[in-house]
1. Is at least one residue of the stretch 61-84 within 18 Å of the chain's Cα centre (by Cα), part of a strand (DSSP E or B), at pLDDT 95 or above and crowded, with 19+ Cβ neighbours inside 10 Å?
2. May I ask you to verify whether residue 33 is in contact (Cβ under 8 Å) with a residue 24 or more places away in the chain, closer than 25 Å to residue 115 by Cα and surrounded by fewer than 16 Cβ atoms within 10 Å (Cβ to Cβ)?
3. Kindly indicate whether any position in the stretch 7-26 is within 30 Å of residue 71 (Cβ to Cβ) and either in contact with a helix residue (DSSP H, G or I) (Cβ under 7 Å, 6 or more places away or on another chain) or in a helix (DSSP H, G or I) (or both).
4. Go through the stretch 93-139 residue by residue and tally those that are out of contact with any strand residue (DSSP E or B) (no Cβ under 8 Å at 6 or more places or on another chain) and in contact (Cβ under 8 Å) with a residue 40 or more places away in the chain.
5. Inside the stretch 27-60, can you point out the residues that are touching a helix residue (DSSP H, G or I) at 6+ places or on another chain (Cβ under 6 Å), within 12 Å of residue 93 (Cα to Cα) and assigned to a loop (DSSP other than H, G, I, E, B)?
6. Is one or more of the residues making up the stretch 30-43 closer than 26 Å to residue 134 by Cα, at pLDDT 95 or above and over 22 Å from the mean Cα position of the chain (by Cα)?
7. Identify the residue in the stretch 103-125 that is at pLDDT 90 or above, surrounded by 12 or more Cβ atoms within 10 Å (Cβ to Cβ) and part of a loop (DSSP other than H, G, I, E, B) and, among all such residues, is nearest to the chain's Cα centre (by Cα).
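The values are calculated or read from the model by the stated rules, or taken from the named source; none is laboratory data. Since this is a predicted model, take the numbers as computed values, not measurements. For neighbour counting, all protein chains shown are included, and Cβ atoms are generated from backbone atoms with ideal geometry for every residue, glycine included.
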């Protein structure tokens, strides 16, 4: 009696599906990194605006806003160990503005440029994220 040979099908299926599985994993990794970068940049803008809203003397303090933003962005690649915020990958600007209710306010803008990510056709391999926070001065 002869047995039917049916081994090896799983290996063939895995070989056919493995490129798609790796491609999906790389895409999920990129989406997760971008989401984390968006959240960290938003938090950095909020914390820096909170600092600059302490009064009219700190409303345009870019160096103070920079130090607060860098402490929030310290976990992101390319932003750890930075001492200034005047060029990529991190740019922070702070200015005194008039708020929507007509009272003095401060506006802080934080721009973060990501490191080179996994190249996926049709998507950029580097993102530039800009978030702005505005807060009323506490006077």
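1. no
2. No; evaluated as a whole, the condition is false for this residue.
3. The answer is no; no qualifying residue exists.
4. 5
5. 59
6. The answer is no, given that none of the residues of the stretch 30-43 is closer than 26 Å to residue 134 by Cα, at pLDDT 95 or above and over 22 Å from the mean Cα position of the chain (by Cα).
7. So the residue we want is 114.
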